[in-house]
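The values are calculated or read from the model by the stated rules, or taken from the named source; none is laboratory data. Note that the coordinates shown come from a computational prediction; the quantities given were computed from them, not determined experimentally. All Cβ positions, even for glycine, are placed from backbone atoms using ideal geometry, and neighbour counts span all protein chains on display. Calculation scope for accessible area: heavy atoms of the full protein, side chains included, ligands and nucleic acids excluded. Shrake-Rupley method; radii C 1.70, N 1.55, O 1.52, S 1.80 Å.
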Amino acid sequence: MSGIIGKKIGMTSIYQDGKFIGVTLVEAGPCVVTQVKTVEKDGYSAVQLAYGDKKEKNTPAALLGHFKKAGTTPKSKLVEFKEFEKALNLGDSIAAADVFAEGDFVDAIGTSKGKGFQGVVKRHGFSGVGGQTHGQHNRQRHPGSVGACSFPSRVFKGMRMAGRTGGNRVKIQNLRIEKIYPEKNLLLVSGSIPGAKNSFVILEK
């Protein structure tokens, strides 16, 4: 599956086919091929792409040698893609227009925004216990009963409760590429993509 690494810029809307479409701006590439894996040497075939500049002093020595072998500066994000459509060599540069075309459908992978420790209403969509009458004082956003009585005398594993939410790897499938600006490596992808602004995004074809 071929793809590219990018950065989420933000959201806007465009006017197309007589209606407004909400789109996410993704700066996709240029990415550098830092490793080409083969079945003979590595046991499987894949292409490793790198994106985003990184300071040399913040890069481990092993990775510095890895990037030097590919003839590029240190990068901050490395991702492997299997079954790339065209043959690539070490050090090649991949732009957004090289992988995608307008009208293509892609899967977007990102890390969702972290929400911290949240209650069951925000975390799981609970509606709360109810109103303030009939003795239900300050219980509007509480989870309610979580376990049985003397049997089984415990709370079952997996019970939906309060806790940390967000900050997860999320994939949104079948998003349409509405427009491409090759000179800026900019993609306009329909709908929303997980993650905050300036966060890394992986687009797979």
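Got a sec? Which strands (runs of 3 or more DSSP E) wholly within the range 145-205 have at least 2 residues that are charged (D, E, K, R), at pLDDT 90 or above and more than 19 Å from residue 13 (Cβ to Cβ)?
So the answer is 169-181.
Can you name every residue in the range 31-61 that is of a type in the set (Ser, Thr, Tyr), under 26 Å from the mean Cα position of the chain (by Cα) and open to solvent by 50 Å² or more (accessible area, probe 1.4 Å)?
44, 45
Select from the range 107-133 the residues that are loosely packed, with under 12 Cβ neighbours inside 10 Å and hydroxyl-bearing (Ser, Thr, Tyr) and write down the one among them that is farthest from residue 5 (Cα to Cα).
Restricting to residues being loosely packed, with under 12 Cβ neighbours inside 10 Å and hydroxyl-bearing (Ser, Thr, Tyr), the top hit is 133.
Evaluate the range 62-85: report whether one residue or more is among the small types (Gly, Ala, Ser), in contact with a Ser or Thr (Cβ under 8 Å, 6 or more places away or on another chain) and surrounded by 16 or more Cβ atoms within 10 Å (Cβ to Cβ).
yes
Please determine, by comparing only the residues of the range 163-177 that are surrounded by fewer than 17 Cβ atoms within 10 Å (Cβ to Cβ) and more than 15 Å from the chain's Cα centre (by Cα), which one is farthest from residue 122 (Cα to Cα).
Here the residue is 176.
On the given criteria, is residue 138 in a loop (DSSP other than H, G, I, E, B), exposed (fewer than 10 other Cβ atoms within 10 Å of the Cβ) and in contact (Cβ under 8 Å) with a residue 24 or more places away in the chain?
No.
Restricting to the range 1-21, name every residue that is open to solvent by 40 Å² or more (accessible area, probe 1.4 Å) and either in contact with a His (Cβ under 9 Å, 6 or more places away or on another chain) or in a strand (DSSP E or B) (or both).
7, 9, 11, 12, 13, 15, 16, 19, 20 - these are the residues of the range 1-21 that are open to solvent by 40 Å² or more (accessible area, probe 1.4 Å) and either in contact with a His (Cβ under 9 Å, 6 or more places away or on another chain) or in a strand (DSSP E or B) (or both).
When you look at residue 185, is it under 19 Å from residue 205 (Cβ atoms), exposed (fewer than 13 other Cβ atoms within 10 Å of the Cβ) and either in contact (Cβ under 8 Å) with a residue 60 or more places away in the chain or small (Gly, Ala, Ser) (or both), yes or no?
It is false that residue 185 is under 19 Å from residue 205 (Cβ atoms), exposed (fewer than 13 other Cβ atoms within 10 Å of the Cβ) and either in contact (Cβ under 8 Å) with a residue 60 or more places away in the chain or small (Gly, Ala, Ser) (or both).
For a quick check of your reading of the model, give me the residue pairs whose first member lies in the range 44-65 and is without any contact (Cβ under 8 Å) to a residue 24 or more places away in the chain, whose second is in a loop (DSSP other than H, G, I, E, B) and open to solvent by less than 40 Å² (accessible area, probe 1.4 Å), with beta-carbon atoms closer than 6 Å and at least 6 apart or on different chains.
Pairs found: 54/74; 56/74; 59/74.
Restricting to the range 75-116, give me the number of residues that are in a loop (DSSP other than H, G, I, E, B) and farther than 19 Å from residue 36 by Cβ.
The qualifying residues number 9.
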